[in-house]
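Student: Structure in structure tokens, see below.
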Amino acid sequence: MQDAVQRARARAGDVAVAEVDVDVAAGQTVAARSRSFNPEVSIAAGPAYGGGQTVLDYEVSLSQTFELGGKRDKRTAAARAHQAAASARLGYQRERAAARARRAYNLAVIARQRLAADTAGEQVALEVKAAADDRLRLGAGTQLEVNVAGASVGRARHERVNAERRYVLALSELAAAVAAPAGAVIEPATDVVELPTPGVDEAGALRQAARRRGDVVAFVHDQAAAKGEAALAGALATPDLTLSLTYGRSEGTHVGMIGVAIPIPLLNRNKGGRMAASASLARARLVTAVAQRERDRDVRGSYRGYVQARESVGVFAREVVEALDANLDLARQSLQTGKIGIFEFNVVRRDLFDTVLARLDALEEATDARFALETAMGASVEEQP
């Protein structure tokens with residue numbers, strides 16, 4: 001399972017996309033830190049007519065626009081918040097990929113155990129059918145016993161084929177979870193279904209989620225970014241200053257000038273931009289509050305669900321299953337010696353395999369409950385605070 005988790009963290013498609021998003025956000029932060037305006041050089045030249053002479057006049061100017069109102073700092077703060085949000089989402093995708101790998105591993109193990117149980121069930125059903133045929137041939141059995149045993153074989157074969165299909169699907173899901181190459185055969189290396197005791201209590205799980213649930217943490221950073229963008233929208237109403245140096249020659253006279261230009265904010269004070277940024281900030285605050293509330297609700301529900309699911313698995317103690325297996329051997333001996341009939345043997349057989357399959361069902365439910373809790377927490381259930 002640890003190998004599966006490591007592969008998922010490194011190769012999962014959602015993780016790869018989130019890593020690219022972090023790179024994009026990093027580039028946007030670099031762009032936000034950069035100055036918006038480059039120096040500008042302009043050259044103008046042309047003939048001047050007058051006094052019966054034609055002379056060449058020219059003008060060379062160098063200008064630079066400076067942002068005022070702290071626009072660059074506000075733009076950088078918003079970009080850094082977006083980058084922090086992208087990093088938080090990357091962390092969450094890694095944890096979710098790990099949780100998915102743990103789930104897929106457990107389900108593959110369970111599917112393999114189910115296939116083994118159904119294969120054994122089919123074999124026992126075939127034994128019963130052979131015994132029923134022998135009893136009928138010897139005059140000790142009935143046609144009804146043969147018919148019932150034949151129906152049991154058909155049902156057992158159907159269950160075994162269905163278990164094979166489920167195992168193939170479970171292996172496919174495991175391969176997808178670890179981002180294995182197409183066509184690769186991935187199987188669990190052990191037969192252990194890992195359902196560890198939570199490393200924290202319910203209150204600890206809530207604290208863990210507050211720190212580790214990356215998608216919700218990202219909303220907090222999105223809110224900070226929206227706040228920075230609202231501040232930037234307000235700063236855009238402040239006009240920028242342009243300084244220029246000009247040198248030229250006109251009619252034989254050399255002229256040097258220093259110029260200052262600043263827009264007059266009469267017609268456009270970025271009112272629409274400020275309104276949109278303010279609404280975006282309000283939306284970000286609402287989304288964050290809703291996400292935090294839903295996160296806490298998910299943690300509480302999934303924590304209790306996982307604890308209860310583990311208790312349900314504990315009901316099927318290994319000793320009980322082993323005792324039923326021993327009972328099956330005893331029942332088989334009794335059937336062979338004629339102490340019990342086919343119908344009584346079928347009751348014992350179905351009791352054993354129904355219990356085994358019910359335990360596997362409980363393991364599947366607990367595995368899904370573990371995945372739900374780890375997704376809600378943004379961390380493994382074993383992780384200490």
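Student: Considering the chain as a Gaussian network with a 10 Å cut-off on Cα pairs, which listed residue, Val287, Val22, Val146, attains the greatest mean-square fluctuation?
Tutor: Among Val287, Val22, Val146, the largest mean-square fluctuation in the Gaussian network model of the chain belongs to Val146.
Student: If you consider only alpha-carbon coordinates, what radius of gyration and Dmax does segment 179-258 have, in Å?
Tutor: 31.8, 96
Student: Also, I was wondering about something else. Considering only DSSP beta bridges with both partners in the chain, what is the antiparallel share in %, to the nearest 5?
Tutor: DSSP beta bridges in the chain are roughly 100 percent antiparallel.
Student: Further, regarding this structure: Evaluate the distance, in nm, between pseudo-label points positioned 7 Å from the Cα of Val17 and of Glu311 along their respective Cα→Cβ axes.
Tutor: So the two model labels end up 3.9 nm from each other.
Student: Cα-based Rg (one decimal) and Dmax (whole number) for segment 178-327, in Å?
Tutor: Expressed in Å, the Cα Rg and Dmax of segment 178-327 come to 32.4, 119.
Student: Hey, how much of the P(r) for segment 121-216 falls beyond 24 Å, as a percent of Cα pairs?
Tutor: 60
Student: On to the next question. What does the charge dipole of the chain about its Cα centre add up to, to the nearest 20 debye, if the Cβ of each Lys and Arg holds +1 and the Cβ of each Asp and Glu holds -1?
Tutor: Result for the chain is approximately 1040 debye, rounded to the nearest 20.
Student: Here's something else I'd like to know. For segment 98-139, what does the convex hull of the Cα positions come to per residue, in cubic angstrom?
Tutor: Cα convex hull per residue, to the nearest whole number: 28 Å³.
Student: Identify, among Ala132, Ala117, Ala81, the residue whose Cα sits farthest towards the positive end of the charge dipole of segment 79-163, taking +1 on the Cβ of Lys and Arg and -1 on the Cβ of Asp and Glu, with the dipole about the Cα centre.
Tutor: Ala81
Student: Taking neighbour Cβ counts within 10 Å as the exposure measure, how do Thr288, Thr242 sort from fewest upward?
Tutor: Neighbour counts put them in this order, fewest first: Thr242, Thr288.
Student: Treat the chain as a sphere of radius equal to its Kirkwood radius over Cα pairs and apply Stokes-Einstein at 37 °C in a medium of 0.692 mPa s; give the translational diffusion coefficient in µm²/s, rounded to a whole number.
Tutor: Diffusion coefficient, whole number: 119 µm²/s.
Student: What residue among Gly248, Gly199, Gly301 shows peak mean-square fluctuation when the chain is described by a Gaussian network model with Cα springs under 10 Å?
Tutor: Highest fluctuation of the listed residues: Gly248.
Student: Continuing with the same structure: Have a look at Val22, Gly141, Thr246 and report the one farthest towards the positive end of the charge dipole of the chain, computed about the Cα centre with Cβ charges (Lys/Arg +1, Asp/Glu -1).
Tutor: Among Val22, Gly141, Thr246, the one farthest towards the positive end of the dipole of the chain is Thr246.
Student: Through the Karplus equation 6.51 cos²θ - 1.76 cosθ + 1.60, θ set to phi - 60°, convert the phi angles of segment 333-339 into ³J(HN,Hα) values in whole Hz; use x for Gly and Pro.
Tutor: Using θ = phi - 60°, the values come out as 5, 5, 5, 5, 8, x, 6 Hz.
Student: At most 11 other Cβ atoms within 10 Å and a DSSP loop assignment: could you name the GluC sites (Glu not before Pro) in segment 225-322 that fit?
Tutor: Glu251
Bear in mind these aren't lab numbers, they're just calculated from the coordinates by the rules spelled out. Bear in mind the structure is a predicted one, so any value in this text is a computation, not a measurement. Backbone-built Cβ (ideal geometry, glycine too); neighbour counts: all protein chains shown.
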